[in-house]
Number of protein chains: 2
Amino acid sequence: MPDTDVSARPIGVFDSGVGGLTVLRALRTRLARERFVYLGDTARLPYGTKSADTVVRYALQAADRLVGCGVKALVVACNTASSVALPAMSRRFAGLPVIGVVEPGAQAAVAVSASGRIAVIGTEATVRQGAYQHAIVARRPDAQVLAVACQLFVALAEEGWTEGPIAQAAAQRYLAPLFAGRDGRDEPPPADTLVLGCTHFPMLGAVIRAVVGAQVAIVDSAETTARATETLLRERALLASGSVSPAGAALRLLATDAGARFAAVGARFLGRSIAVTEVELIDL
Amino acid sequence: MPDTDVSARPIGVFDSGVGGLTVLRALRTRLARERFVYLGDTARLPYGTKSADTVVRYALQAADRLVGCGVKALVVACNTASSVALPAMSRRFAGLPVIGVVEPGAQAAVAVSASGRIAVIGTEATVRQGAYQHAIVARRPDAQVLAVACQLFVALAEEGWTEGPIAQAAAQRYLAPLFAGRDGRDEPPPADTLVLGCTHFPMLGAVIRAVVGAQVAIVDSAETTARATETLLRERALLASGSVSPAGAALRLLATDAGARFAAVGARFLGRSIAVTEVELIDL
């Protein structure tokens, strides 16, 4: 039964670095029966400052490697690669499900926003490229999208300073202006939905929630991407049908550079410790 | 008189991004008669995560371009390139003065430290490479060097959040452990000297000083590099002898990517506004 064979294959997850491990974590929570191969192109990050041609070339190299590992689907956990390289990847691997982070996040934001006023936070590059803005307006032309770069959140997440006074003050400084006037005023709130448009930002979920308040819907693109992956695999009858994989065997970690840093920083993003020996260094 | 001709040429300053503009600023303050060409390899930053071979290749390409602009000396304002590529650059351009940021900083730290207990802060890559540590111990074998990566300082400097509660709290968190026990205790201070081993960190000089206290000597590698450049140019009779250059004509800015970001972030580092049209986009 070839169908059974394919559904037993691992899911490939690709990112420019360790940020995509938050997407992998959401995928593993939602799809506990699946095996995964994660590839972080740590030697060549960041993608956000590179030309579109270069990002497409790098993303195809990473996808080639993951397809060579026999994956049944590709999750592009990198915002830049999702914005720029998804069509090229779908063309190259016709028939293989390819899921990016931008479309699921935009879709969820439009579904959940009552007012159509949607705030998007991301890296400078993501905000400048405007992929979330375009994807949201394509689904709801009257949406008002306010996009703000929160560059310090990346450094805070990588440093592991995701709670406490520094993270709180940074969240306050970036986000309070977006959601000011929410309480005790007559005018409508500036935004009722906040999209976390960077793989690092779910790490700061608690301090972000504390600033924006309970009424604002927070769209975590890691979680929405995991949901979109599950839906697509179910539609194509590709969900693994076996028993829950043992944690060790269920995951391979590939990186193009700096296994020690990948292990140290990645552990926080993945939510479990990573042994340096577990990270396979590869060339692309 | 060929000597006169050479001394009238500009000084080339090279960095992987905008951080080196703090070095350029110190150079312009100290050497007001000089003209400068600054090259920021913004398309390919960061260098700190790349292999030594690649950093040498990139640094030589940048140096070729600056030598093509007719510079009389090369200042390597990038910590990684200073650590890795200085010998290759000196070989390639025999006779041309080449000054890095690491040696002047290490030299100043050893000269100023009474106890030999010296703290060095830098990026993760700089701390891991250990160039400051080696350069200090080479000059003073009994020195005790404590190196700490202060990654968030880079993001704070680029965001322009160089004062206020967030910068203060970050400085406190990174630096207080290094200088704890300084006041009101009998034991000697853990370090009497702090080297700012990253071009971004002079931007945070005030909050750093507030945490470490007035007794600790702070070695700003931008300032020490400017002084070393002046000394070397004087020794070789290459100091410009003309009148002070008008500010506009005295500086050319070259970048390999993102002129708008270079102008916006760079203005804070250089200490004067930069017009986007002033940044010449180049390929290396």
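The values are calculated or read from the model by the stated rules, or taken from the named source; none is laboratory data. Keep in mind the model is a prediction, meaning the values are calculated, not measured. Here Cβ is always computed from backbone atoms with ideal geometry, including for glycine, and neighbour counts include all displayed protein chains.
Could you give me the residue pairs with C-beta distances under 7 Å whose first residue belongs to the stretch A:61-74 and is over 15 Å from A:Ser90 (Cβ atoms) and hydrophobic (A, V, I, L, M, F, W, C), whose second residue is in a strand (DSSP E or B) and at pLDDT 95 or above wherever it lies, and which are 6+ apart or on separate chains?
Within 7 Å, the pairs are A:Cys69/A:Gly12; A:Cys69/A:Val37.
Of all residues in the stretch A:137-159, count the ones that are away from every other protein chain (no Cβ under 14 Å) and either of a type in the set (D, E, K, R) or surrounded by 15 or more Cβ atoms within 10 Å (Cβ to Cβ) (or both).
9
Conditions: (1) surrounded by fewer than 21 Cβ atoms within 10 Å (Cβ to Cβ); (2) within 21 Å of B:Gly197 (Cβ to Cβ); (3) touching a Ser or Thr at 6+ places or on another chain (Cβ under 8 Å). B:Asp257 meets all but one. Number of the miss?
Only one criterion in (1) surrounded by fewer than 21 Cβ atoms within 10 Å (Cβ to Cβ); (2) within 21 Å of B:Gly197 (Cβ to Cβ); (3) touching a Ser or Thr at 6+ places or on another chain (Cβ under 8 Å) is unmet by B:Asp257, namely (2).
Which ones in the stretch A:132-142 are within 15 Å of A:Ser221 (Cβ to Cβ) and of a type in the set (Gly, Ala, Ser)?
A:Ala135
For the stretch B:38-54, enumerate the residues that are surrounded by fewer than 24 Cβ atoms within 10 Å (Cβ to Cβ) and closer than 18 Å to B:Val265 by Cα.
Selection gives B:Thr42, B:Ala43, B:Arg44, B:Leu45, B:Pro46.
Scan B:Ala206, B:Ala214 and give me the residue that is in a loop (DSSP other than H, G, I, E, B) and either of a type outside the set (A, V, I, L, M, F, W, C) or not assigned by TED's automatic domain parsing to the domain that holds B:Ser16 (or both).
None of the other options fit; the residue is B:Ala214.
Matching residues to (1) in a helix (DSSP H, G or I); (2) within 23 Å of A:Gly68 (Cβ to Cβ); (3) assigned by TED's automatic domain parsing to the domain that holds A:Val71:
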position: A:Cys198; (1), (2), (3): no, no, no
position: A:Ala228; (1), (2), (3): yes, no, yes
position: A:Ala237; (1), (2), (3): no, no, yes
position: A:Asp257; (1), (2), (3): no, yes, yes
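Residue by residue through the stretch B:55-81, note down the ones that are touching a Lys or Arg at 6+ places or on another chain (Cβ under 9 Å) and either in a helix (DSSP H, G or I) or surrounded by fewer than 23 Cβ atoms within 10 Å (Cβ to Cβ) (or both).
Within the stretch B:55-81, B:Tyr58, B:Leu60, B:Ala63, B:Asp64, B:Val67, B:Cys69, B:Gly70, B:Lys72, B:Ala73, B:Thr80 qualify.
Could you figure out which of (1) under 18 Å from A:Glu223 (Cα atoms); (2) modelled with pLDDT under 95; (3) not assigned by TED's automatic domain parsing to the domain that holds A:Leu238 isn't true of A:Gln129?
Every condition holds for A:Gln129 apart from (1).
Under the condition of being away from every other protein chain (no Cβ under 14 Å) and small (Gly, Ala, Ser), which residue from the stretch B:1-37 is surrounded by the fewest Cβ atoms within 10 Å (Cβ to Cβ)?
Among them, the one singled out is B:Ala32.
Does the stretch B:160-176 contain any residue that is within 14 Å of another protein chain (Cβ to nearest Cβ) and aromatic (Phe, Trp, Tyr)?
yes
In this structure, is B:Gln172 at pLDDT 95 or above, surrounded by fewer than 22 Cβ atoms within 10 Å (Cβ to Cβ) and under 20 Å from B:Thr126 (Cα atoms)?
No; evaluated as a whole, the condition is false for this residue.
Go through A:Ala85, A:Ala180 for me and flag whichever is more than 12 Å from chain B (Cβ to nearest Cβ) and surrounded by fewer than 18 Cβ atoms within 10 Å (Cβ to Cβ).
Just one listed residue meets the conditions, A:Ala180.
Residue check: is B:Glu158 at pLDDT 95 or above, among the charged types (D, E, K, R) and either part of a strand (DSSP E or B) or under 16 Å from the mean Cα position of the chain (by Cα) (or both)?
Answer is no for this residue.
For the structure I just gave you, tell me whether A:Phe153 is in contact with a His (Cβ under 7 Å, 6 or more places away or on another chain), not aliphatic (A, V, I, L, M) and not assigned by TED's automatic domain parsing to the domain that holds A:Val76.
yes
For the stretch A:125-136, which residues satisfy the criterion of being away from chain B (no Cβ under 14 Å) and part of a helix (DSSP H, G or I)?
Within the stretch A:125-136, A:Ala131, A:Tyr132, A:Gln133, A:His134, A:Ala135, A:Ile136 qualify.
Is it the case that A:Glu124 is out of contact with any strand residue (DSSP E or B) (no Cβ under 6 Å at 6 or more places or on another chain), surrounded by fewer than 24 Cβ atoms within 10 Å (Cβ to Cβ) and among the acidic types (Asp, Glu)?
In short, no.
Give me the pairs, please: first residue somewhere in the stretch B:38-52 and more than 9 Å from every other protein chain (Cβ to nearest Cβ), second residue anywhere and assigned to a loop (DSSP other than H, G, I, E, B) and charged (D, E, K, R), beta-carbon distance under 8 Å, and either six or more positions apart or on two chains.
Correct list of pairs: B:Tyr47/B:Asp41.
Here is a yes/no grid of residues against (1) at pLDDT below 95; (2) in a strand (DSSP E or B):
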| position | (1), (2) |
| --- | --- |
| B:Glu103 | no, no |
| B:Ala111 | no, no |
| B:Val120 | no, yes |
| B:Ile166 | no, no |
| B:Asp183 | yes, no |
| B:Leu194 | no, yes |
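Scan (1) in contact with a helix residue (DSSP H, G or I) (Cβ under 6 Å, 6 or more places away or on another chain); (2) at pLDDT 95 or above; (3) not basic (Lys, Arg) for the single condition A:Ala52 breaks and write down its number.
Going through the list (1) in contact with a helix residue (DSSP H, G or I) (Cβ under 6 Å, 6 or more places away or on another chain); (2) at pLDDT 95 or above; (3) not basic (Lys, Arg), A:Ala52 breaks only (2).
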